[in-house]
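Below is one structure, written out as structure tokens, with a few remarks after it.
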Amino acid sequence: MKTLLKVENLKTSFYTHLGEVQAVRGISFELNEGDILGIVGESGSGKSVTSLSVMGLIDEPGVIKEESSIVFDDIELTELNKREMSNLRGNEIAMIFQDPMTSLNPVYSIKNQMTEVIRKHTNMTKSEALERAIELLHMVGIPEPEIRIKGFPHQFSGGMRQRALIATALSCNPKLLIADEPTTALDVTIQAQILDLMRDLQNKLNTSIILITHDLGVIAEVCNKVVVMYGGMIMEKGTIEEIFYKPQHPYTKGLHKSIPKVNLNQKERLVPIEGSPPDLMAPPSGCPFSPRCPHAMKICIEKASPLFNISESQRSSCWLHDQNSPQVEGFVKVKGDKYE
Amino acid sequence: MSNQKPLIEVKNLKKHFYVGRSLWKKSKNVLTAVDGLNFYINRGETFGLVGESGCGKSTTGRTIVRLYDPTDGEIIYDGVDIARLSAKEMMTYRKKIQMIFQDPYASLNGRMTVTDIIGEGIDTHKILTGDARQKRIYELLERVGLKREHASRYPHEFSGGQRQRIGIARALAIEPELIICDEPISALDVSIQAQVVNMLEDLQDEMGLTYLFIAHDLSMVKHISDRIGVMYLGKMMELATSDELYNNPLHPYTQALLSSIPVPDPNAAKDKRIILEGDVGSPINPTPGCRFASRCRYCQDNCKTETPKFREILKGHFVACHYAEKINNL
């Protein structure tokens, strides 16, 4: 399978009046055609900044640092100028945002907003664009699209607005769709509809998707690969089975333990992760999770761990995988210097 | 637990709002946020109230503490109907019922120090003064996992989880019996949620608190509650113990709601999901009949005209559906 997106050593910082906020601190991952990659993390973990960096939407005072590389479809995105990037954006890479209430302009009709996007990126005439927009709305399951398209955002419910935004994002058949918390603002029954729709569209159109969320449940529903982020770094990445059934990193393990399991009958006490997320203004010099980690050692506080190869697809950034660290139950030892 | 007298009993509680009202004429549009709720909560119990946005769960909580005046119905607290008490008479009960709010950023006054925030209730109810008051505030801070030094700080100096702890300390300050928790964890990060939930459970054990836990996160509600009520557009659809509700949901809405919880387990049956068509209807000027009828896959003609009764089908398991037995082969 072809690699569609390869992010290498991405570092994004924001230079504020208070100092440099290192939102993303050297992360690498790749995405094949047809993949649905989930990026999980808490607020402030850098997951949204990662997606905005790929979209080329980092503005002053934010900077993508020199050493970063984002290769999409054999094009190095960090070297593109504004015009080239804006050609790519919408055509090849599209994005949907968390809040369907604020990402639509309330004073324009849906028709207006959808045809604007379509005409900007294609040579279609007004009527062709309208036809295409109606077809897209039909595809995302909006009833009577010919009539509804004339409506304004306030006449659409939250779920329908998100459908309309997905339709708009798909209007130019992008190769990559980035969805930043697409269902967080929606109710569970509507969330189920939207996730179902995304899976369905992925099957039909073979669009690759990056799904950003804080909800492990949502990841389990739709993704085939997962990246776990914390404090601007990747803690662990792997296939969905590896992250859910064989998690290696203490943070991933902690996340699993801190969410209640619905299918259990007996009341089990939750095991929270003590402490609170790091301050990215002054991130810990070592592993960002070390202040909260039950297994933290001296080296964890001094130096961030490299990503150890657990399997062909799974990487975990924890010193416990090193040969020289003490044996702790549940942590695989990795021989030699097989890490990247 | 079943034989004891409930701490609070809500009977036929209604809260209607007039929407689109202007200064000159009274609006005819009635938003029935809460429309005839019946439930009780035993002492020391956690009662969960779940539902989607707009179903009236928060309005229910706010009406019980009398932040809203109920349109109709009774709220019997420890044998006394508090639904119609005057503000003065209500004071005794305000001391017994406290509330924790959803948004820890909006629910703390940014111009007050932590001491002032926690001490406000102590002053209002004239419980303690001077050193004793300050000592009590320190105790409370330590009880919720904060430090004494934090007492003189302002809310903006704290993280979301810490703020929610301050909100909890404020609710505990006057030693209430019942705490209404209105989505207390939904604004917090996943790793912090478990900390706060565990703390709420510990406090309940220590102080014998009773909780009304309002949330939309079904897995967390299941975790914390003894009994759960499921609301839809102002009506209670189903009520049972939490295990019973999750293992044996009888109402088609509950069944759909439970099946749409994303389970953090990739191999869990994804295809068993019931996807509901359409959106939640409007609570404005509702027509008679079951509120869920328009989205229900078992809907019959009489569902659209006759409001189903909220009845006990199995012991302690209440459902508002005409066909609950038929659907579930009971």
If you scan the stretch A:172-197, which residues turn out to be under 22 Å from A:ASP73 (Cα atoms) and free of Cβ contacts under 8 Å to residues at least 60 places away in the same chain?
-> A:ASN173
Given the conditions (1) among the hydroxyl-bearing types (Ser, Thr, Tyr); (2) exposed (fewer than 13 other Cβ atoms within 10 Å of the Cβ); (3) in contact (Cβ under 8 Å) with a residue 12 or more places away in the chain, and given that B:TYR40 satisfies all but one, which numbered condition is not satisfied?
-> (2)
In the set B:GLY160, B:GLY229, B:GLY208, which member is within 10 Å of chain A (Cβ to nearest Cβ) and not acidic (Asp, Glu)?
-> B:GLY160
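Let's see how each residue does on (1) closer than 20 Å to B:ILE327 by Cα; (2) free of Cβ contacts under 8 Å to residues at least 40 places away in the same chain; (3) facing another protein chain (nearest Cβ under 7 Å):
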residue: B:ILE180; (1), (2), (3): no, no, no
residue: B:LYS222; (1), (2), (3): no, no, yes
residue: B:GLY234; (1), (2), (3): no, no, no
residue: B:ASN267; (1), (2), (3): no, yes, no
So which residues in the stretch B:269-302 are assigned to a loop (DSSP other than H, G, I, E, B), more than 7 Å from chain A (Cβ to nearest Cβ) and charged (D, E, K, R)?
-> B:ASP271, B:LYS272, B:GLU277, B:ARG291, B:ARG297
For the stretch A:123-161, name all the residues that are within 31 Å of the chain's Cα centre (by Cα), touching a residue at least 40 places away in the same chain (Cβ under 8 Å) and closer than 16 Å to A:GLN113 by Cα.
-> A:ILE149, A:GLY151, A:PHE152, A:PRO153, A:HIS154, A:PHE156, A:ARG161
Could you count how many residues in the stretch B:58-82 are without any contact (Cβ under 8 Å) to a residue 24 or more places away in the chain and buried (at least 20 other Cβ atoms within 10 Å of the Cβ)?
-> 1
Looking at A:ASP196, is it within 14 Å of chain B (Cβ to nearest Cβ), surrounded by 23 or more Cβ atoms within 10 Å (Cβ to Cβ) and charged (D, E, K, R)?
-> no
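Can you work out which of the residues in the stretch A:244-274 that are facing chain B (nearest Cβ under 10 Å) and touching a Cys at 6+ places or on another chain (Cβ under 9 Å) is surrounded by the fewest Cβ atoms within 10 Å (Cβ to Cβ)?
For the stretch A:244-274, the residue satisfying everything is A:GLY254.
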Residues that are closer than 30 Å to B:GLY56 by Cβ: which helices (runs of 4 or more DSSP H) entirely in the stretch B:110-191 hold 2 or more of them?
-> B:114-124, B:160-172
Mind checking which pairs have a first residue in the stretch B:250-262 that is at the interface with chain A (Cβ under 7 Å from one of its Cβ atoms) and a second that is of a type in the set (Asp, Glu) and assigned to a helix (DSSP H, G or I), Cβ under 8 Å, 6 or more apart or different chains?
-> B:PRO262/A:GLU221
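Here are some residues: A:THR189, A:THR183, A:THR239. Which one is under 13 Å from the mean Cα position of the chain (by Cα), under 25 Å from B:SER219 (Cβ atoms) and among the hydroxyl-bearing types (Ser, Thr, Tyr)? Break it down stepwise before answering.
Values: A:THR189 fails: under 13 Å from the mean Cα position of the chain (by Cα); A:THR239 fails: under 13 Å from the mean Cα position of the chain (by Cα).
Every option except A:THR183 fails the conditions.
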Given the conditions (1) at pLDDT below 90; (2) closer than 30 Å to A:THR189 by Cβ; (3) in the same structural domain as B:CYS290 (by TED's automatic domain parsing), and given that B:LYS26 satisfies all but one, which numbered condition is not satisfied?
-> (2)
From the option list A:SER43, A:SER28, single residue qualifying as more than 22 Å from A:THR239 (Cβ to Cβ) and either assigned to a loop (DSSP other than H, G, I, E, B) or small (Gly, Ala, Ser) (or both) is A:SER43
Taking the stretch A:297-339 and the residues there that are within 23 Å of A:TYR245 (Cα to Cα) and of a type in the set (Gly, Ala, Ser), the one that is modelled with the lowest pLDDT would be A:GLY330
Test: residue in the stretch A:227-238 that is surrounded by fewer than 21 Cβ atoms within 10 Å (Cβ to Cβ) and within 12 Å of another protein chain (Cβ to nearest Cβ) | no
Could you please let me know if B:ASP243 is of a type in the set (Asp, Glu), without any contact (Cβ under 8 Å) to a residue 60 or more places away in the chain, within 12 Å of chain A (Cβ to nearest Cβ) and farther than 30 Å from A:ASN224 by Cβ?
-> yes
Quick one: B:TYR105 ticks every box in (1) within 14 Å of chain A (Cβ to nearest Cβ); (2) surrounded by 16 or more Cβ atoms within 10 Å (Cβ to Cβ) bar one, so which box is it?
-> (2)
Residue tally, condition within 8 Å of chain A (Cβ to nearest Cβ) and modelled with pLDDT of 90 or more, over the stretch B:182-197 | 4
Restrict the check to the stretch B:97-105 and report whether at least one residue is in a loop (DSSP other than H, G, I, E, B), over 20 Å from the mean Cα position of the chain (by Cα) and within 13 Å of B:GLY167 (Cα to Cα).
-> no
Counting only residues in the stretch B:211-220 that are hydrophobic (A, V, I, L, M, F, W, C) and farther than 22 Å from A:ALA192 by Cβ, the one nearest to the other protein chains (Cβ to nearest Cβ) is identified as B:PHE213
Hits in the stretch A:185-216 - residues which are under 25 Å from A:TYR230 (Cα atoms) and of a type in the set (Gly, Ala, Ser) | A:ALA185, A:SER208
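The values are calculated or read from the model by the stated rules, or taken from the named source; none is laboratory data. Owing to the predicted nature of the structure, the values given are computational and were not obtained by experimental measurement. Reconstructed Cβ throughout: ideal geometry from the backbone, glycine too, with neighbour counts over all protein chains shown.
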